[in-house]
Every structure is written in structure tokens, then in C-alpha cells.
Amino acid sequence: MAPYCKHVPFRSSENESSVEDGTMCRMPSPEAGPLQANAMSHSPETRADTNGKDANDASDNGIFSGSAFVVGTGMASVVRIPVPGTNGLYIELSPRGWTPKGGSTSTLFIQDVTGKRHLRLDFGFNKNTGSVDYHWNQKGTFSDFGIKDHSSAGPKGEALFKGAKYLRYGGRVLLVVGLALDVYSIVAAKKRWRQVAKVAAGWGGAWAGCEGVGALGAGAGTLVEPGFGTAVGGLGGCIVGGIGGYAGASWAAGHAYDWIEETFFEPVPEIKPSEVGQ
């Protein structure tokens, strides 16, 4: 009689379990999975999000929708920043009213709409000190800031004078750069009208934020140090408010667009039961 021999089923791997311990090889099939190409098409980097917009849409890319910093900072060079409690004075980087033929020798102006009432930071001959220095010139604003005409501004005044000068020109360059970035983001966006809404809201928000937060900063700065604190607080608040205003308004506009798009849709034509299958 032939010796007894136990049949052992063939297994393709040690981790697979057999279905039946007998003479036939019965093992579970490997778990089904997507092909690599299909898996890539569903990867987090390329699939559409829950709002239906592509995650790689240039309109939501940090490089091209990140105009908040550029535009928000640039707004400080063109926005008139109100100074609370001064009966119509604003912080500006350009003069109003009459200016010398060669241009103003000042870079920072706290002035009314006509420029007649003003406190401006100037560099030139100071008759009080008998030398060329940085000083304040004022007309009709002593009751607001307590700064006399031709008062020396010192080292802080020099730093503020130069900072205001750089911000005036550099800020306008930033606005041009921000505009270029936003135009590109609209051209590259897959949902162009959505991006148009975001950009328009962003610029409006930057202007409003710069003006509103700048006014708060100017008021707080005046309490700390009238004149110098007024300017630093106002311009600093304007930049912060401009950046936040752009980012917040742009974000809100994008979400509002998505909500409207998902809520107001074209209804599907009604099909009568009798038409089913025809």
C-alpha cells in the first residue's frame, strides 16, 4: 500500500488565507483597487472639492490670489485716512491746494480737503533753529495736535519723513503689481466670473479696510503722541486694514458665488409618467 500523503494547497503568498483545505487551490482574489492612472485622477491635488471648483484653479492658488498683501499695502499710498475728532483732517501722502513750482518739500500731510488747514512734515530751512532739518509746519491745527509751526521733528521725524516718501511711490508700484496679479488670476481661472467677483470685492474691501482701520489707528496714535503717533497709527492701521479687508472680502465673495451657484440652478424639465420609456 502506498504511503499516506496529505495534500497541501498551493498559496501565492504567506498572507493569503485559503478557502478550503483540500486538493484544489481555492484562495480569495486580491482586493480590487484602482489603476495608477485612475488613482492619480482622484488624488487630493487634482480632484474637485465639495464646492465643485478644481483645487488647482489658479484663482485659488496662493501665488495669484495672494494679492491681499500687495494691494492692502499699496492702498496706504492713495487712501485718505480720516483722523477722528479733528473736524475733517485726513492723513495723506500728497499735498492739496497750492504747492511750489518745484513741488512740495514735505512727504506727510495731515490736512483738510482744501489743504488750508494742515500739519505737514517738512525738510528744509527751519527759521526757529536756523538750520536745515526735519520739522513740522502747521496752519490751523495747533488746537488738534498742540504742535507749533516750525517745531523740530528730530530723528523720529526723519524716519517718518523717509518712510512716507518710500510708501508714496512704492505703494503705487505695489498697486500696479497687485492689479497685474489679479488680471492674471481672472484669465487663468476656470470660473472667471467667480474670480471677477472675488477681485472686485477684494479691492473694495482693501479700500474700506484701509480707511476704517486706519482711522482707528490714527485716533489711538494721537492719544499716544499727536502728530507722529497720528501718522504712524493711521498708516499702520491702513496697511493692516487693507490686507485684512482684501482677504476677507475676497473670501466672502467666493463663498457667496458658490452658494448662489449651488442654490439657484436651472430646473430639470418635468417628465410625465406616460412619457417614461418612450
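Rule-based calculations on the coordinates, nothing more; no lab input. Computed from a predicted model, the values in this text were never measured in an experiment.
As a quick test, which of the pairs Lys116/Lys156; Lys116/Lys148; Lys127/Lys148 have an alpha carbon distance above 22 angstrom in this structure? From the list (Lys116/Lys156; Lys116/Lys148; Lys127/Lys148), the Cα-Cα distance tops 22 Å for Lys116/Lys156. Its relative contact order, with pairs defined as Cα atoms under 8 Å and 6+ residues apart, puts region 75-166 at 20 percent.
Working note: Karplus 6.51/-1.76/1.60 with θ = phi - 60° gives region 72-77 the couplings x, 5, x, 4, 5, 8 Hz, where Gly and Pro are set to x.
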